1. What percent of all Cα-Cα pairs in the stretch 4-197 falls in each 5 Å bin, counting up from 0?
2. What nm distance separates the two modelled labels at residue 95 and residue 1, each placed 7 Å from Cα along Cα→Cβ?
3. Please report, in debye to the nearest 20, how large the charge dipole of the stretch 4-197 is about its Cα centre when each Lys and Arg carries +1 at its beta carbon and each Asp and Glu carries -1 there.
4. Calculate how steeply helix 157-175 sits against the longest principal axis of the alpha-carbon atoms of the chain, using the helix alpha-carbon long axis, and give the answer as 0 to 90 degrees to the nearest 10.
5. Under a 1.4 Å probe, what is the accessible area of the chain per residue, stated in Å²?
6. What FRET efficiency would be calculated for the residue pair residue 151, residue 70, taking the C-beta separation as r and a Förster radius of 22 Å, to the nearest 0.05?
7. Can you work out the FRET efficiency for the pair residue 193 and residue 43, with r the C-beta to C-beta distance and R0 = 35 Å, to the nearest 0.05?
8. Can you send over the carbon and sulfur percentage of the accessible area for the stretch 4-197, probe radius 1.4 Å, protein chains only?
Amino acid sequence: MRRILVLFAHPALQKSRVQRELARAVRALPGVTFHDLYEAYPDFDVEVAREQALLTEHEVVVLQFPFYWYSTPALLKQWQDLVLEHGWAYGREGRALHGKLLLCALSTGGSEASYQPGGSNRSTIGALLAPLAQMAHLCGMEYLPPFVVHETYRLDDAALAAHAAEYAALLAALRDERLDLAVARAQARLDTKLPALIG
Ligand SMILES: Cc1cc2nc3c(=O)[nH]c(=O)nc-3n(C[C@H](O)[C@H](O)[C@H](O)COP(=O)(O)O)c2cc1C
C-alpha cells in the first residue's frame, strides 16, 4: 500500500465550491494524509523540517489546488522554495524524494477547449504545468499526468459530485497500487479514461 500526502492549497476556502468538494471526497480516505497548507501556515511561515518529515513518510505526493494565473496559489510556491532544499530534495546528495510519485490535482475556470494551442489560453494544461513536471524530475520523482476539473464556473452539482468521486477513486487506486502506471504515463490527463486505468 502506498501512503499518500495531499498538499492542499486554496487561499480562500470560504469562497471555494469545487476544491472544497474535491477535498471533502479524499480527506478522510484511509492511507491519505490531507494537509491544508493555508490552514497550517496562514503567515507563509512554512516549517521546513515538518514538511520534509511528512514527505519522507509518504510514497505519493498530490498537489491539490485551484489554477491561479496559470500556476499554483502562492503558498504552494513558497512551500517548494523552502522545503525542496538542495542536498535534500535535489543535488548530488539530495535523494530524499527519489522514486516517489507526484500528481497534480487542479481545477480551472477555463474550458478544456480553451487549453489548446488554438484556444484562448493558447497552451495545454500539460505545457503550463511544465515547471512542476521538471521539479519532480529534478527531485527524482515520477510525475504523473494531472487530474483536471475544467470549467468550474459552469459545473452543476451532479457533475461536481462525479468529479469528486472520480478523484477519490484515483487516489484509492494509487494507494492500493491498482492504477496501471504504464498506461497512465501515456495519457495527457488522468481524469479521462480513468476506469480503464484502474484494475
Ligand atoms: C486569482 C485567481 C486566478 C485565477 N486564474 C485562473 C487561470 O489562470 N486559469 C483558469 O482557468 N482559471 C483561473 N481562475 C479560476 C479558478 O481556477 C477557479 O475559480 C477555481 O479552480 C474554482 O475552484 P474553487 O471553487 O475551489 O475556488 C482563477 C481564479 C482566481 C480567483
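The values are calculated or read from the model by the stated rules, or taken from the named source; none is laboratory data. This structure is a prediction, so every number in the text was calculated from the model and none was measured. Backbone-built Cβ (ideal geometry, glycine too); neighbour counts: all protein chains shown. Just so you know, the surface numbers come from the protein's heavy atoms only, side chains and all, with ligands and any DNA or RNA stripped out. Shrake-Rupley method; radii C 1.70, N 1.55, O 1.52, S 1.80 Å.
1. Going out from 0 Å in 5 Å bins, the stretch 4-197 shows 1, 7, 16, 21, 22, 18, 10, 4, 1, 0 percent.
2. Placing both labels 7 Å beyond Cα along the Cβ direction yields 2.8 nm.
3. 380
4. For helix 157-175, the angle is close to 30 degrees.
5. Per-residue value: 48 Å².
6. Calculated value: 0.85.
7. 0.25
8. Carbon-and-sulfur percentage of accessible area, whole number: 52.
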